[in-house]
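Each reported figure results from applying straightforward, stated rules to the coordinates on display, with no laboratory input. This structure is a prediction, so every number in the text was calculated from the model and none was measured. Glycine also receives a Cβ, built like all others from the backbone with ideal geometry; neighbour counts cover every protein chain displayed.
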Ligand code: ATP
């Protein structure tokens, strides 16, 4: 299998002195869904932020599609779509314009056929002319995903896609991820919930106190550790 992302002995110490990541090494393969599972403060967002070029590491390397994120940032960034934890949308803007705008940020010319396909696959086409403030929480999250997919990235990062949402919305997000999987998008998601990782991911990486403790195929991990053991290890 081809590794679309190669993370090698990655470390991050913030100026405050907090060591958020220590020697994380991981290959992420094209087409897979990998869940990074860990409690608050484990280092999940730091890891994603480094890969997306938002935070500078203090050690190690990351390659995306063979491009080093430090020396070849633009080429690497083009392959990545990020759905952040917080919902930040311009409230008065139409859904379709939000998506077009993000595509423009990447210097891509407009491609209305692609934007229509993205909005349709996320069940947002009928809402394309609605202002984002009129949308439900679930729809807003789907707009964030549409924005992240606007420039045709190969890899999608979902940072805690179901943080603070109810059970119905969580299920809706799981379905959206299932749909993206069928379309062949490589997905890296972070979560606090083992059941969510189990439901969505092909592999699970357990991260705690800045260290990647293990990475295994979901079925193997669930067979080896009971849910209870894993939960206890993380607390
Ligand atoms: P959560 O699940 O709560 O989002 P996380 O696993 O994503 O947590 P991070 O947000 O990566 O964890 O945080 C890892 C550690 O780094 C924590 O101790 C956090 O307080 C610290 N940290 C994160 N961002 C910064 C920053 N900008 N400056 C200083 N310390 C930071």
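What to note about this one:
- Region 14-66 - Rg and Dmax from Cα coordinates, angstrom: 11.8, 37
- Where a label projected 7 Å from the Cα of residue 97 along Cα→Cβ would reach, residues of region 119-134 with amide N under 18 Å: 125-134
- Most mobile listed residue (50, 207, 87) in the chain, GNM with C-alpha springs under 10 Å: 87
- Cα-based helix-to-principal-axis angle, 95-105 vs the chain, degrees rounded to 10: 60
- Treating r as the C-beta distance of residue 68 and residue 88 and R0 as 22 Å, the FRET efficiency rounds to 0.15.
- Label positions at residue 30 and residue 117, each projected 7 Å from the Cα along the C-beta direction, are separated by 1.7 nm.
- Candidates 157, 92, 101: whichever shows maximal mean-square fluctuation once the chain is modelled as a Gaussian network with Cα springs under 10 Å: 92
- Over region 1-118 - Rg/Rh using Cα atoms and the Kirkwood inverse-distance radius: 1.01
- DSSP bridge analysis restricted to the chain gives an antiparallel fraction near 55%, rounded to the nearest 5.
- Square roots of five times the Cα gyration tensor eigenvalues for the chain, Å: 29, 21, 16
- 19 Å cut-off, amide nitrogen to a point 7 angstrom out along residue 58 Cα→Cβ, residues in region 18-49: 18-25, 41-49
- Burial ranking of peptide ranges 179-186, 194-201 (average Cβ count within 10 Å, highest at the top): 194-201, 179-186
- Seen against the Cα atoms of the chain and their longest principal axis, helix 112-121 is set at about 60 degrees.
- Placing R0 at 25 angstrom, the Cβ-Cβ distance between residue 131 and residue 163 gives a FRET efficiency of 0.55 after rounding to 0.05.
- For region 1-72 and region 112-173, distance of Cα centres in Å: 24
- Annotation: the antiparallel percentage among DSSP beta bridges lying fully within region 119-235 is about 55.
- Helix 137-149 axis, angle to the chain major axis (alpha carbon atoms, nearest 10°): 90
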